[in-house]
Each structure stands twice: as structure tokens, then as C-alpha cells.
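Structure first, then comments.
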Amino acid sequence: MADSFDVVVIGGGPGGYNAAIRAGQLGLSSACIDKRGTFGGTCLNIGCIPSKALLHTSELFEEANRDFPKLGIKVTTSLDLPAMMAHKTKVVGELTRGVEFLLKKNKSEAIVGEARITAPGRVEVKLANGSLRSLEAKNIVIATGSDVMPLPGVAIDEERVVSSTGALTLKTVPKKLLVVGAGYIGLELGSVWRRLGSDVTVVEFLDRITPGLDGEIAKQFQRILERQGMRFQLSTKVAGIENSGDALKVQVESKGQVQTLDADVVLVSIGRRPFVDGLGLDAIGVKRDTRGRVVTDEHYKTNVTGIRAIGDCREGPMLAHKAEDEAVACIERIAGRAGHVNYDAIPAVVYTAPEVASVGKTEEELKAAGTTYKIGKFPFTANARAKTLAATDGFVKVIADAKTDRVLGVHILGTEAGNLIAEATLAIEIGCSSEDIARTSHAHPTLSEAVRQAAMAVEGWAMQM
């Protein structure tokens, strides 16, 4: 007899495991299926978490060499890359085990295997030993995430031509690293290896870095990265990569001109695509769009009864926290509750140094929509806490509706931007005006005062120096 559940979740990443946990909290029987062997998905295993571990340790390494002497601290440092990688591995292991504990605590069965939907309400799982297990489900939730977008004509071997996965496990620091793609992932991993000694060049097909971020923020962000030693070739495409022994020869083309760049390692980071291979979606008639994403309605329902989808495999930003929010809302809908997600209040962060964080609308989006708005900005050079930290790069930008003063977007370039953006996200979630932020007391001296001062600047009364 087939095993029967209220909810079967396919995928054990942030969307999948949060869906299974929330199901348990609401009294629904559930199973969470993942083929990796360790739960947590791309984020915990080969994405968000290991990259942040390396970003932190590499930032400390650079600070010790570059900044400590300015602060009166004399040290002698050397790089122990295996130990740095061991720290990353330890963090990943602790967190993936934590996910498995939470699934068990909430009575969700964790199943390791490859899942395929054979019919509405039926899932077949190929287990590690090759046997098949059949599951029955009142509801099936697809939460299979995304995979690396390939670069046409370029083979990734994860040793010299690497994706983000391979870039997290390099055994030596490459002398020359060429990053294809100036998005979040490419800039973060490029920053890691630049700090550890690599000469980094970033090649981007578009005429700007970090597409989707506020344009003014992106321009200053690029200038800061260039001051740190990262080089950019924009409006440039990679035409091919040739392995010629000791070096990779990368042919790039810009405005009809072709040149060859040498690299020891090439990181291909041009985006991600939905991962739904092997699920049997076409056979049972689940609709997908032209980008391969599962098509759903506002309740995450597909066109096939009983099948829903959340996270990277459906439309919207490919962010772990977006998947988490959708997981909770989706399960609450299944349980008869009014789960929802405010997509105007989904923050995004680039974890470089300084960080970049954004929530809500950009100037470019508001101009395209014909929305009238007003702006307040405040530089970290005028923030007392930033000065004490010797971290004064960047600024805060608050955009509010010209008529109602409602906060429409907040964009931060600066140290701890990823933490500071939470206040702005809450402001958008509950419909605050810029005056609401401006009149809210912020502890002094803190970096968060820069957010308040930018909100005050919307009406022209910023005052901190």
C-alpha cells in the first residue's frame, strides 16, 4: 500500500523544508523529498551559507592586512585556505543537521531520493538503493529550486571553468580569476578570491553591474569595487574559452572588437534557471512559461488540481527568503488560512564589502510607471558610527510617494546594509511614510541613524553630521 500524506513537498531547500515544517505546525501530515542526501537545498549546501562563510573570513583576512595598521593594530598574517574551507564545511554541516532536526520535530518525514509526479496525488520516489517508493498526497508542493544557467559553448568542469559550486571549493587561490557575469553571485565570489590574492576581472554582457538594483546605487557600487582592485569589462560577451595548458584563453567581444584574456580560473555566473528536470511535469500537463518556470496563480496553484509550486521554480526573484515566505503562505492556503506574500517587501542583498541592500521600487521602475516621487539621501561619511568603524563608503536612499509620503523603496550601499534593510522592509510592509521613519528614535551612535537621516532628508531636514 502506498504511503499517504496531506502534503508531499518535493525539494528540501528553504522553500521545501519550511513548507514541510509549517505543515507539521498546522497539524498536516507531510513528507519532504530531496535527492541531495543532506537537506537545506542549494542555499545551505552550495550557495548562500558556504559563500557567506567565505565572504566573512576573507573580509577579516583583508581587514587584518589592509585596515588594522591604520587602527593601531600590528599583526602578521598568513592564509590557511584549508582551515578557512574547514570552517565553511563545519557551518554547512551544523545547519543541514539543524534542518533535519526541525523536520523530525515537526513530524515531517524526510525522504532522500529522486521524486517524480506520476499523476495528480501520486509521487514516485527512487531511493538511494534503487528501489521505488510510492506516495499518495492530497497536495503536492513543487519546491525544487534552481540550477546554474549554462553559458552556450562553454563546458563547466568545476575545476578550472567553474560555476558558483566549484568557486566555493577551489584548492588554491587563482592568480587570475575571470568572472562571467556582474550579478550578485559573481561579485560576491569574485570579492572572496580578490581578497585572498586573485587578480579579478569581471565580464558583463549588459552595460552595467547588478541589473535590477537602483542605478545610482549600482554606479557607486562599481566605483568602490574598482577602487578595491576589481576590473570590469561591460557591454562585453564571452565568445569562447580555450584551454591552452597552463592558462585559459578567454575570447571576449565588445563593439565588434575581439580580444583574448588570460585566466587561471573562469567563474561562469550569468544567472540561474528553474530546476524541474525529471519531475514528469510535461507528462501530467503542468504548464510552464517560456523560461521554464512553473505557472501558478496567486495561491501557488498550477493548472493541475492538487499541485502547487513555490520558490525559484516559479516566477519572481530567486531568493531563499522569498521561497520561505511562499512556503508558509502556500501551506497556510492548503490549511484553509489566509496566507499571503507582499512582493513589494522582499529585500535583496549583495554580501560584498560594503554590502548593498534594496527593497521596494527603484527610481527606474517608478519613472517607467509614471509615479511621482521624492528622494532623501544620507552618506555614511556623515554617520558617527560609520566613522568609528572606519567604514564610511556608501549612502542610504529613501524613495517616497510625492503625494502620500508612503515609502516606495529603500536602497542602501554600506557596511551592514543587509541588516539595516530590515527596518525599511518592515516600513514598506506596514505602509509607513518617510516621516514615520524620520520621527522614530534611533539609538546613537548607530549605523541605523543613516536610515533615519535619509528619511528626514526626504523633506529636507536631515541634521546629523
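Computed quantities for the displayed model
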item: The listed residue being surrounded by fewer than 18 Cβ atoms within 10 Å (Cβ to Cβ), closer than 22 Å to Leu60 by Cβ and touching a residue at least 40 places away in the same chain (Cβ under 8 Å), out of Thr352, Thr388, Thr415; result: Thr388
item: Residue ranges of helices (runs of 4 or more DSSP H) in region 1-69 with at least 2 members hydrophobic (A, V, I, L, M, F, W, C) and over 27 Å from Glu158 (Cβ atoms); result: 14-25
item: Those residues of region 117-148 which are touching a Ser or Thr at 6+ places or on another chain (Cβ under 6 Å) and part of a strand (DSSP E or B), in sequence order; result: Glu124, Glu136, Val148
item: Near pairs, Cβ below 7 angstrom, 6+ apart or cross-chain, from region 46-73 (in contact (Cβ under 8 Å) with a residue 40 or more places away in the chain and closer than 27 Å to Arg97 by Cα) to any residue that is open to solvent by 60 Å² or more (accessible area, probe 1.4 Å) and in a helix (DSSP H, G or I); result: Ile49/Leu95
item: Selected residue (criterion: modelled with the lowest pLDDT) from residues of region 114-138 that are among the aliphatic types (A, V, I, L, M) and out of contact with any Phe, Trp or Tyr (no Cβ under 8 Å at 6 or more places or on another chain); result: Ala128
item: Every residue from region 220-242 that is in contact with a Leu (Cβ under 8 Å, 6 or more places away or on another chain) and among the basic types (Lys, Arg); result: none
item: All strands (runs of 3 or more DSSP E) inside region 233-279 with 1 or more residues being open to solvent by less than 30 Å² (accessible area, probe 1.4 Å) and among the β-branched types (Val, Ile, Thr); result: 237-244, 247-254, 265-268
item: Residue count for region 289-314, restricted to those that are of a type outside the set (A, V, I, L, M, F, W, C) and either within 23 Å of the chain's Cα centre (by Cα) or at positive phi (or both); result: 13
item: Residue match in region 82-93 (condition: farther than 25 Å from Gly418 by Cα, outside any loop (DSSP other than H, G, I, E, B), open to solvent by 80 Å² or more (accessible area, probe 1.4 Å) and without any contact (Cβ under 8 Å) to a residue 24 or more places away in the chain); result: yes
item: Scan of region 426-465 for residues that are open to solvent by 60 Å² or more (accessible area, probe 1.4 Å) and β-branched (Val, Ile, Thr), ordered by number; result: Ile430, Thr440
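The values are calculated or read from the model by the stated rules, or taken from the named source; none is laboratory data. Just so you know, these numbers come straight off a predicted model, no measurement behind them. Virtual Cβ from ideal backbone geometry, glycine too; neighbours counted across all protein chains shown. Heavy atoms of the whole protein, side chains included, go into the accessibility calculation; ligands, DNA and RNA do not. Shrake-Rupley method; radii C 1.70, N 1.55, O 1.52, S 1.80 Å.
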